[in-house]
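For reference, the structure is listed below as structure tokens.
The values are calculated or read from the model by the stated rules, or taken from the named source; none is laboratory data. Every value quoted in this text rests on a predicted model; they were computed, and no experiment measured them. Cβ sites come from the backbone with ideal geometry, for glycine too, and all protein chains shown count toward neighbours. Note: areas computed on protein heavy atoms with side chains; ligands, DNA, RNA excluded. Shrake-Rupley method; radii C 1.70, N 1.55, O 1.52, S 1.80 Å.
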Amino acid sequence: KKVFAIIGIVAAVSVIAVTIYLIGIIGTLDELDLDNLINYEQTSMIYDNQDNLITSIHGVENRIYVPLSQIPKHVQNAFIAVEDVRFYSHPGFDIRRMFGSLLQNIKARDIVAGAGTITQQVIRNTVLSFEQTIDRKVKEILLAWQLEQKYSKDQILELYLNIVYFGKGAYGIEAASKTYFGKSASELTIAEGALLAGIIKNPNRNSPFIDMERSLERKDLSIDLMVKNGFLSPDEGEKAKNEDIQFAEDVKPSYVHGYFVDLALEEAASILNVKQEELYTGGYRIYTTMNQELQEYAEQLYSQEDLFPKSPVSGEISEAALVVMDTGTGELQAVMGGR
């Protein structure tokens, strides 16, 4: 009896402690507003080695909001199959997925599986930071539940498809469709939609402009998940896998000093342990080793075609790359990756 009494007391104290903790977390939550969720991004700034502003970066330059009615159902289904197969039945968080991910992570002794639903990803990408803390995770779940109470599943899915990052500076399904296929999202085929759904787990690795073989493998995995979860028949899945995909031209970033900035963003994301897309919208101040005079001089040289003779075989103008380093410190002062 004493043992049961002690267990009862411990359980009661635990419930009270958890309740107090949750009340404290709830007290810090703001009321969700759809307009604020849509307009969530904050511009980040990049500086040179003299702390002069080089450029600002933000995702809104390449994000085109489109209603769910303009996104084909098979494209919607691809993202649901890949990211959150019980999206239309859970309350914003998925208990089954949480326990499944926990078991996977325990077995691997590492974070190899996430439990975030589409609703949680909306919250994570708009009103919360990317830090991995218990408080932030609890807030994410509570806000996801709050979002589900206030807005319909279709509204949440529409918001998700318009804010998710696809790499190459493309935010949202419409910008991604134009970036990778040169067409509107309304024109996406099953295979194209599946490929885009396969990018978002890791845009900097899964983009076809970075690793074509990996991107196509992810596309086929997305299609397999669509078949497994009843969104496609096996025959439709095989047909989609064999579809010939025509990609748009890989256009270099339009921001200033693109080659140097690309490297700086990659390194900053690694140092901060965040996804690179957060740098575009997180309001960061990124200080680099760039010598702007040297960088601009290199870019001027590279713009002069007479300095780059044509190949006598192909007739194409020569390419070149350049790195200027301070050998005393190892700091990169200017970078050119091509013409």
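General remarks:
- 3J(HN,Hα) along the range 178-183, derived from phi through the Karplus expression 6.51 cos²θ - 1.76 cosθ + 1.60 where θ = phi - 60°, amounts to 5, 5, 8, 10, x, 9 Hz, with x in place of Gly and Pro.
- A probe of 1.4 angstrom, applied to the heavy atoms of all protein chains, finds I210 with accessible area near 100 square angstrom.
- Legend: residues M336, M98, sorted from most to least accessible area (1.4 Å probe; ligands, DNA and RNA excluded), read M98, M336.
- I80 - accessible surface, heavy atoms, 1.4 Å probe, Å² rounded to 10: 10 Å²
- Taking 0.36 nm per residue of separation and subtracting the Cα-Cα distance, full extension of the segment from K241 to M98 would add 48.4 nm.
- Sequence ranges 233-241, 316-324, ranked by mean other-Cβ count within 10 angstrom, highest first: 233-241, 316-324
- Under a 5 Å amide H cut-off, with hydrogens placed 1.01 Å from N, M325 pairs with Q333 among residues at least 5 apart or on other chains.
- Pairwise label distance in nanometres, S186 with L294, each label 7 Å out on the Cα-Cβ vector: 5.1 nm
- The figure for R218 is an accessible area of roughly 50 square angstrom, using a 1.4 Å probe on the protein chains alone.
- Per-atom-type breakdown for the range 204-337 gives carbon and sulfur 49% of the accessible area (1.4 Å probe, protein chains only).
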